[in-house]
Amino acid sequence: VSKDDYAKWQLDDPKLNFAISTRAAKRGLDHVGLQAEDDAELASLRQRLDAAGIQGVEQRGTACCYSISDKYWLQDPQGIAWETFHSLASTPMFGQADGARKSAGACCTPASQTRCDASESS
């Protein structure tokens, strides 16, 4: 994906992508993501996190960057936001769905996230 204010590169194996945006309020790493191929894989990722005692915040059908996705967010002990996500559709404008602008920021992390503690995940 290449836009004037956003670029995304995606690897096929492992399914990992990198995105940069000129919309960031701060410099540096904003968040890290793990992409799922479908709803079943996204549910499996969430189950694995739950089994490890790592709780997060779910977002369904959220418009973020140039796509609409189902997501599950968490925060690591260093404060970095992580998302597991399944993209459902692309959108023509940054953070737009159904004609309404949903987000003006670079990252669409939920306002409240649960921070995972290293001791919880062992």
Checklist entry - For the stretch 36-46, does any single residue satisfy the condition of being closer than 19 Å to VAL1 by Cα and touching a Lys or Arg at 6+ places or on another chain (Cβ under 9 Å)? => result yes
Checklist entry - Between residues in the stretch 1-29 that are closer than 18 Å to ILE68 by Cα and residues that are surrounded by fewer than 13 Cβ atoms within 10 Å (Cβ to Cβ) and at pLDDT below 75, which pairs lie under 6 Å by C-beta distance while being six or more apart or on different chains? => result TRP9/PHE18
Checklist entry - Taking THR62, is it farther than 20 Å from LEU16 by Cβ, buried (at least 18 other Cβ atoms within 10 Å of the Cβ), under 11 Å from the mean Cα position of the chain (by Cα) and among the polar types (S, T, N, Q)? => result yes
Item to check | Residue selected from the stretch 65-91 under the condition free of Cβ contacts under 8 Å to residues at least 24 places away in the same chain and over 16 Å from GLU41 (Cβ atoms), by the criterion surrounded by the most Cβ atoms within 10 Å (Cβ to Cβ) | outcome: ALA89
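The values are calculated or read from the model by the stated rules, or taken from the named source; none is laboratory data. For clarity, every value in this text was computed on a predicted model and none was experimentally measured. When we count neighbours, we look across all protein chains shown, and the Cβ atoms used for this are built from the backbone with ideal geometry, even at glycine.
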